[in-house]
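Any read-out appearing in this document is the output of simple, stated calculations on the displayed coordinates, not a laboratory observation. From a predicted model like this one, the values you see are computed outputs, not experimental measurements. Methodologically, a virtual Cβ is constructed for each residue, glycine included, from the backbone with ideal geometry; neighbour enumeration extends over all protein chains shown.
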């Protein structure tokens, strides 16, 4: 790491005291965090789902890259020091520190693979317990655009549509469709084939029931 990189990182350091909320589930903050020392607690729906203590761990990267609301709350489990990169500086940050950009790409790849493996197991079982399927469903209703697409999906399931039709009927910005297609695709509900968007039946009974019972 050269002097310019060290200076940049120093400027982006942020300290948090034990118990301090760094970001909350559902908020629209977009900062990217890298843990330097200490521990952070990840909570979903008030329940602790992870304690992160490994230095150089990336945190909150999906909201930064996809522009989506936070999917969990992050709290300092001890006094800790993090690098906090504002959304507006992410591109410059990785331009100055390409090795960190490579590590982020690997981090995302690993997390997506873990998610794929988890979803695949549920799909192979054909059912899945409600508590296992709930995190998948939560991603489908995380904001107004996701909910609008879910309502559209429920009406059109089993058919095919197009990106143009979705944007026209639902007035969803194309920039937001990337996140929607990723989450619905990971859940096995959407399949992109060229310009066609296939709306597939839910692959698990529990997920199908949650979709059918959701009230808009």
Per-bin percent of Cα-Cα distances, the range 126-213 [5 Å]: 3, 15, 28, 27, 16, 8, 3, 0
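Can you order the peptides 70-77, 21-28, 191-198 by their average number of other Cβ atoms within 10 Å per residue, highest first?
Values: 70-77: 19.6, 21-28: 15.0, 191-198: 12.0.
Those peptides, ordered most packed to least, come out 70-77, 21-28, 191-198.
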Ranked list, fewest to most other Cβ atoms within 10 Å of each Cβ, for 146, 214, 96: 214, 96, 146
FRET E, pair residue 208, residue 87, Förster distance 35 Å, beta-carbon r, rounded to 0.05: 0.45
Value in Å of the Kirkwood radius, where the chain supplies the Cα pairs that are averaged: 18.9
Cβ-based exposure ranking for 88, 97, 162, in which fewest neighbours within 10 Å come first: 88, 162, 97
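So what is the relative contact order for the chain, in percent, with contacts set as C-alpha pairs under 8 Å and at least six apart?
Details: 317 pairs, mean separation 41.1, N = 216.
Rounded, it is 19 percent for the chain.
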